[in-house]
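For reference, the structure is listed below as structure tokens.
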Amino acid sequence: QVQLVESGGGLVQAGGSLRVSCAASGSISSINAMGWYRQAPGNQRELVASISSGGNTNYADSVKARFTISRDNSKNMVFLQMNSLKPEDTAVYYCNADVQRTWYRKSVRYWGQGTQVTVSS
């Protein structure tokens, strides 16, 4: 069993910064790619940023140059540093991880419960 738990969400004014974290735990052999998604009311869930096990990153155009994704493999954690926040960034942010589980041959994707990020004007 694998669990992903997000933290660090909250309320911030436009132009401010926020850092969200995600910790993975359970029967983990290794973690491949990790990423952050977000979903606003009435919108589809979208990929915000992702990072490979080797540290290669990619970002949605809307957050490029403002957000930075990073990971700590020794702690099974992934982070998203969000700077110059805009009201359009308001959403529930979800952590995702592609996990090689102990006793399993194939990797499995897991989701966290999400953390609310609200950016006021």
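The values are calculated or read from the model by the stated rules, or taken from the named source; none is laboratory data. Quantities reported herein were computed from a predicted structural model and do not represent experimental measurements. All Cβ positions, even for glycine, are placed from backbone atoms using ideal geometry, and neighbour counts span all protein chains on display. Keep in mind that these areas ignore ligands, DNA and RNA; they rest on the heavy atoms of the full protein, side chains included. Shrake-Rupley method; radii C 1.70, N 1.55, O 1.52, S 1.80 Å.
Remarks
- Residues of the stretch 55-99 classified as in contact (Cβ under 8 Å) with a residue 24 or more places away in the chain, under 19 Å from LEU18 (Cα atoms) and open to solvent by 70 Å² or more (accessible area, probe 1.4 Å), total: 2
- Qualifying strands (runs of 3 or more DSSP E) (wholly inside the stretch 1-59; at least 3 residues being among the hydrophobic types (A, V, I, L, M, F, W, C)): 2-7, 18-26, 28-39, 46-51
- Condition met for VAL78 (touching a Leu at 6+ places or on another chain (Cβ under 8 Å) and of a type in the set (Val, Ile, Thr)): no
- Scan of the stretch 9-54 for residues that are closer than 18 Å to GLN81 by Cβ, open to solvent by less than 40 Å² (accessible area, probe 1.4 Å) and touching a residue at least 60 places away in the same chain (Cβ under 8 Å), ordered by number: GLY9, GLY10, VAL12, GLY16, LEU18, VAL20, CYS22, MET34, GLY35, TRP36, ARG38
- One residue stands out among those in the stretch 101-117 that are open to solvent by 50 Å² or more (accessible area, probe 1.4 Å) and in a strand (DSSP E or B): the one that is nearest to ALA24 (Cα to Cα), which is TRP111.
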